[in-house]
1. Show the residues, 5+ positions off or on another chain, whose built amide H is closer than 5 Å to the amide H of L48.
2. Starting from the amide H of E231, placed 1.01 Å from N in the peptide plane, find each other amide H under 5 Å away whose residue is 5 or more places distant or on another chain.
3. Using Cα pairs under 8 angstrom and six or more residues apart, how large is the relative contact order of the stretch 202-245, in percent?
4. Give the order of V21, V80 when sorted by the count of other beta carbons within 10 angstrom, beginning with the fewest.
5. Can you list, largest first and rounded to whole Å, the semi-axes you get for the stretch 147-257 by taking the square root of 5 times each eigenvalue of its Cα gyration tensor?
6. Using a simple charge model, +1 on the beta-carbon of Lys and Arg, -1 on the beta-carbon of Asp and Glu, nothing else, what dipole does the stretch 106-252 show about its Cα centre, in debye to the nearest 20?
7. Starting from 0.36 nm per residue, how many nanometres of slack lie between Q30 and E174 once their C-alpha separation is accounted for?
8. Counting only C-alpha contacts under 8 Å and six or more residues apart, can you give the relative contact order of the stretch 66-174 as a whole percent?
Amino acid sequence: MALIQCNFFSNSLGLSTAMTVILPEHTTTQIGMTNVVHGHKHPTLYLLHGLSDDHTTWTRRTSIERYVSSLGIAVVMPQVDRSFYTDMVYGNKYWTFVSEELPRAARSFFPLSDAREDNFVAGLSMGGYGAFKLALSHPDRFAAAASLSGALNMADPINQERMPDDYRLIYGHEDIAGTDNDLLTLLQRLDGAEGPTPQLFQSCGTEDFLYDQNTVFREACSQTSFDLTYEEGPGDHTWEYWDTHIQRVLHWLPLRK
């Protein structure tokens, strides 16, 4: 695998930013690794970080490079600060960046497939929210999305109490229930609509402080026609949990043979 630190300028953010990228590499003499390359244009997983993290965290705290080596997929990990993957009321347009500019930029720099069936998104905590927001907002672009310990019910007033400064900067004083920033609204809006819907994977530890939000989303999803794979079990909001469960996500992805 090739591991690339990519620094570039973002027009939507108006500043220089970064992404970490893993690219498939065909090797024949590398010891201890099985590397697979399926073709010139690589299937791609957009892997999103959490609230206190950045674009380097998945490679620093898990073995994601090793986990994807035998799958032949690229991994794109962007930097979005504490934005909740949203065009902030008092801040930068991170939703525009991650949903529109990032895929274009990544595909201009690297040989990544633009086919829906080759594109997936996953994330943890804040990144779980971002992953489902991307897939539910753009079902024509993503075949599957996965959330690990996701903040999946941001319309719940408890989030304003838990993170008042961040919430105000991101959403202002708006009640986001019923808006494009509310995953439950996106879920209901897409259910029954014409066109494809993404497969969803949801996992959360039963000791996680976001467990209740995950049960709310799971229940809402059960009332729709979405294909949801749901897993729960002992675990907290920790990298030990995410390192284990990102491997389950990777084996769940509907990769083309």
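1. For L48, whose amide H was placed from the backbone, the distant partners under 5 Å are A122, G123, L124.
2. Q202, S203, C204
3. 57
4. Working: V21 21, V80 26.
Ordered from fewest to most neighbouring Cβ atoms within 10 Å, V21, V80 come out as V21, V80.
5. Values: eigenvalues 115, 86, 28 Å².
So the equivalent ellipsoid measures 24, 21, 12 Å along its semi-axes.
6. My answer is approximately 420 debye.
7. Residue separation times 0.36 nm, minus the Cα-Cα distance, leaves 46.5 nm.
8. Values: 129 pairs, mean separation 28.8, N = 109.
Answer for the stretch 66-174 is 26 percent.
Just so you know, all these numbers are worked out from the coordinates, no wet-lab data involved. The model shown is predicted, which means the values in this text are computed figures rather than measured ones. As a convention, Cβ positions derive from the backbone with ideal geometry for all residues, glycine included, and neighbour counts pool all protein chains shown.
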